[in-house]
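Visitor: Got a structure for you, written out below as structure tokens; questions coming shortly.
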Amino acid sequence: MPTDLVLRGGSVVDGTGAPARRADVAISGDRVEAVGEVPDSGCPVLDAEGCVVAPGFINVLSHGYETLQLDPRGLSDLYQGITTEIFGEGRSLGPVTGRMADIVEAEPRHYGVRTSWPRLRDFLAELEKTGVGLNVGSFVGAENLRMPYAGSEDRPLTEDELAAACALLDAELSDGALGVGSALIYSPGSYASTEELIAYARVLAEHDALYISHIRGESDRLLESVDELIRIARESSARAEIYHLKASGRENWPAMSRVYERVERARAAGIQVTADVYPYEAGSTFLSAFIPPRFHVGGHGELAARIADGETRAAIKEAIGSPGTDWDNLYLGSGGADGILLLGDGDLKGRTLAEVSGTRGDSDPLDTLLDIVAAHPKLLVAEFTSSEAHVRRALQYPWVSVCTDSEALAAEPPFTDTSIHPRTYGAFARVAGRYVREGVLTLEEAVRCMTSLPAENLRLTDRGVVRPGAFADLTVFVPEEVQDNATYLEPHRYADGMRHVLVNGRIAFQDGKPTGTLAGRALRRRR
């Protein structure tokens, strides 16, 4: 095939960890045709002089499944050199069947877009058909397997229900789903037993698909939660990954050394365990997650009724104010109301829970928390519970990749009407820029952990590397200029440093600006 485009004069960091080398990159159609000295043939050229040419970055945990429907460009990620978005933490937009369909239909919609499809492939195909700027792939949410049968009930699946859930998973994996993603601190996902998750993982093992999990606890129960994930992998023979690996709460930070030891020991025993991180000291979740899962049974409507009931409200406050023995107490882990930053809109935006409580004149900030949850079930917060120093250490392990754990959006209304975690605009730029300059990783190591490592874990064929025959998902950047600019108080700020970004051989970002090209595709896992 004739050459369509040449990236000329750059330093190629191919994603494998190999040393950078000066080379041209020729592209034919959607693939890399050649890497080396490419003669001038009169075809279009992108100047890469003084730049690094690397594979496009892969965002292992994205929540862009709604925002990309509203604005398919995904600019917060594109400005960072991300070319692939992966969904499915806890819940996915398909398959949504049985009792789950009625529950999802009744839930409030943050952006007013569609939130369910009968099959996962239908959702991904719809994004591709209507046009999306980045590649998209997804895990099947573990909630999507139990909710068709148990709804929002806190109970084990019956033997027949579990068999039906496994059959549904098998069908989705045959369609190319990446695996199963669980989120075990949120209801109703938290109602799944270890045995239920092992049953799903055995199906995954048959397909060489991945079990990936927001583990059951990241604070007091961190070690036992890591042990649960390793047990699931060991007993099923499936591969497993820990979402956004961290220890929540200063008193739990010392446990991270034992987490690394456990994972290293499991890997040495042949159990395939990996992890991903985002490089910030604050996490982000729904404020409703600060309420124990047992009060969420039946969904948000039931939770709101319990909050309105004086006796039950008192019980909820008592539970939040006490160390959690069977759930992750994010309130205490944040150090209380001063460590919780509200990422809402209006008078909530960019204020701590303590500040809002003081303005309202509440004698107890837990009353403020409960009232906000009842009125705003999808309100996001940043909770300052983690240590960025541990992220830096984690990234030095060769089995740790990177995620944003956030939406993919533009620094424009309606997205800027609501605050958001700065990782949305800065996670990958912080690793490729600041962390490389500070010596946390070499440039080659940083590129590998954001490209070929996740591509291999996700079983994405011909992605995450720069070599002849691979898909031409490429990013061209100036290492000295890569910089994350988003902050907690000013989060809607694009990263700097990217010169060009290509998605499937087409230019999505040129000379530091998005082109509007929508060349993303729905990706399938290879067998």
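Visitor: Using only Cα atoms, locate the centre of the range 398-416 and the centre of the range 1-25, then give the distance between them in Å, rounded to an integer.
Guide: The range 398-416 and the range 1-25 have Cα centres spaced 27 Å from each other.
Visitor: Let me ask something additional. At R0 = 35 Å, how high is the FRET efficiency between Ala305 and Asp227 if r is their beta carbon distance? Nearest 0.05 is fine. Please list the in-between numbers first.
Guide: Details: r = 36 Å, r/R0 = 1.04.
Rounded to the nearest 0.05, the efficiency is 0.45.
Visitor: Provide the packing ranking of 136-143, 22-29, 327-334, i.e. peptides ordered by the mean count of other C-beta atoms within 10 Å per residue, highest first. Don't skip to the end; give the middle numbers.
Guide: Details: 136-143: 27.6, 22-29: 20.2, 327-334: 24.2.
Ranked by mean Cβ neighbours within 10 Å, highest first: 136-143, 327-334, 22-29.
Visitor: Also, I was wondering about something else. Distance from the Cα centre of the range 30-89 to that of the range 97-112, in angstrom?
Guide: Using only Cα atoms to place each centre, the spacing works out to 33 Å.
Visitor: Let me ask another. Apply the Karplus curve 6.51 cos²θ - 1.76 cosθ + 1.60, θ = phi - 60°, to the phi angles in the range 470-486 and return the couplings in whole Hz, x for Gly and Pro.
Guide: Using θ = phi - 60°, the values come out as 6, 5, 8, 8, 9, 10, 10, 8, 9, x, 5, 9, 5, 8, 7, 10, 6 Hz.
Visitor: Positive end of the charge dipole of the range 349-446 (Lys, Arg +1 and Asp, Glu -1 on Cβ, about the Cα centre): tell me which of Tyr397, Ser387, Ala411 has its Cα farthest that way.
Guide: The residue sitting farthest along the positive end of the dipole is Tyr397.
Visitor: For Val465, what residues show an amide H to amide H distance below 5 Å, using hydrogens built from the backbone and excluding near sequence neighbours?
Guide: Amide H to amide H, under 5 Å and 5 or more residues apart or across chains, Val465 pairs with nothing.
Visitor: Okay, next question. In degrees, nearest 10, range 0 to 90: what is the angle between the Cα axis of helix 194-207 and the longest Cα principal axis of the chain?
Guide: Helix 194-207 sits roughly 20 degrees off the main axis of the chain.
Visitor: Roughly what angle does helix 310-320 make with the longest principal axis of the chain, taking Cα atoms, 0 to 90 degrees, to the nearest 10?
Guide: The two axes meet at around 50 degrees.
Visitor: Computed from the coordinates I sent, Kirkwood radius over Cα pairs in Å equals one of (i) 23.3; (ii) 24.3; (iii) 25.4. Tell me the label.
Guide: (i)
Visitor: Assuming R0 = 41 Å, can you tell me the calculated FRET efficiency for the pair Glu195 and Thr416, based on Cβ-Cβ distance, to the nearest 0.05? Working shown, then result.
Guide: On the way: r = 45 Å, r/R0 = 1.10.
Efficiency computed from Cβ-Cβ geometry: 0.35.
Visitor: Using alpha carbon centroids, what distance separates the range 147-215 and the range 459-501, in Å?
Guide: 33
Visitor: A further question follows. With the crude spin-label approximation of a point 7 Å out along Cα→Cβ, what separation in nm comes out for Asp160 versus Thr442?
Guide: 6.0
Visitor: Using the Karplus curve 6.51 cos²θ - 1.76 cosθ + 1.60 with θ = phi - 60°, work out ³J(HN,Hα) for each residue of the range 125-132 in order, rounded to whole Hz, and write x for Gly and Pro.
Guide: Taking θ as phi minus 60°, the curve returns 5, 5, 4, 5, 5, 7, x, 9 Hz for the range 125-132.
Visitor: By how many nm would the segment from Phe286 to Ala375 grow when fully extended, if each residue of separation counts as 0.36 nm and the alpha-carbon distance is taken off? Show your work: numbers first, answer last.
Guide: Details: separation 89, 0.36 × 89 = 32.04 nm, distance 1.27 nm.
Full-extension gain reported as 30.8 nm.
Visitor: If packing is taken as the average count of other Cβ atoms within 10 Å, what order do 452-463, 81-92 fall into, highest mean first? Could you put the intermediate results ahead of the total?
Guide: Numbers: 452-463: 21.7, 81-92: 27.4.
Descending packing order for the listed peptides: 81-92, 452-463.
Visitor: Going by average Cβ neighbours within 10 Å, how do the peptides 74-80, 33-39, 274-280 rank, with the highest at the top? Write out the running numbers ahead of the final one.
Guide: Numbers: 74-80: 27.6, 33-39: 14.9, 274-280: 25.7.
Highest mean packing first, the order is 74-80, 274-280, 33-39.
Visitor: Still on this model: By a straight-distance test (C-alpha under 22 Å), which lysines pair with Lys349 as possible cross-link partners, with residues fewer than eight away in the same chain excluded?
Guide: By straight Cα distance, Lys349 reaches Lys378.
Visitor: Moving to a separate point now. Please work out how much length the chain gains when fully extended from Glu107 to Asp347, using 0.36 nm per residue of separation minus the C-alpha to C-alpha distance, in nm with one decimal.
Guide: Values: separation 240, 0.36 × 240 = 86.40 nm, distance 2.39 nm.
Extra length from Glu107 to Asp347 when fully extended: 84.0 nm.
Visitor: Quick one: if you stick a label point 7 Å off each Cα along the C-beta vector at Ser237 and Glu37, how many nm between them?
Guide: 5.0
Visitor: So how strong a dipole does the chain carry about its Cα centre when Lys and Arg Cβ are +1 and Asp and Glu Cβ are -1, to the nearest 20 debye?
Guide: On the way: 53 positive and 77 negative charges, 208 e Å.
Computed about the Cα centre, the dipole is about 1000 debye.
Visitor: Right, next: Helix 365-375 against the longest principal axis of the chain: what's the angle in degrees, Cα atoms only, rounded to the nearest 10?
Guide: Tilt of helix 365-375: around 70 degrees.
Visitor: Please list, in order along the range 169-181, the HN-Hα scalar couplings obtained from phi with the Karplus expression 6.51 cos²θ - 1.76 cosθ + 1.60 (θ = phi - 60°), rounded to whole Hz, x for Gly and Pro.
Guide: 4, 4, 5, 5, 5, 5, 7, x, 4, 7, x, 10, x
Visitor: Need one number: nm distance between label points at Leu489 and Glu261, each 7 Å from Cα along Cα→Cβ, rounded to one decimal.
Guide: 4.2
Visitor: So for the range 286-383, taking the charge dipole from beta-carbon charges (+1 Lys/Arg, -1 Asp/Glu), which of Thr312, Pro323, Gly301 sits furthest toward the positive end?
Guide: Toward the positive end, the furthest listed residue is Gly301.
Throughout, read-outs are computed from the coordinates displayed, never taken from laboratory work. Note that this is a predicted model, so its numbers are computed, not measured. Here Cβ is always computed from backbone atoms with ideal geometry, including for glycine, and neighbour counts include all displayed protein chains.
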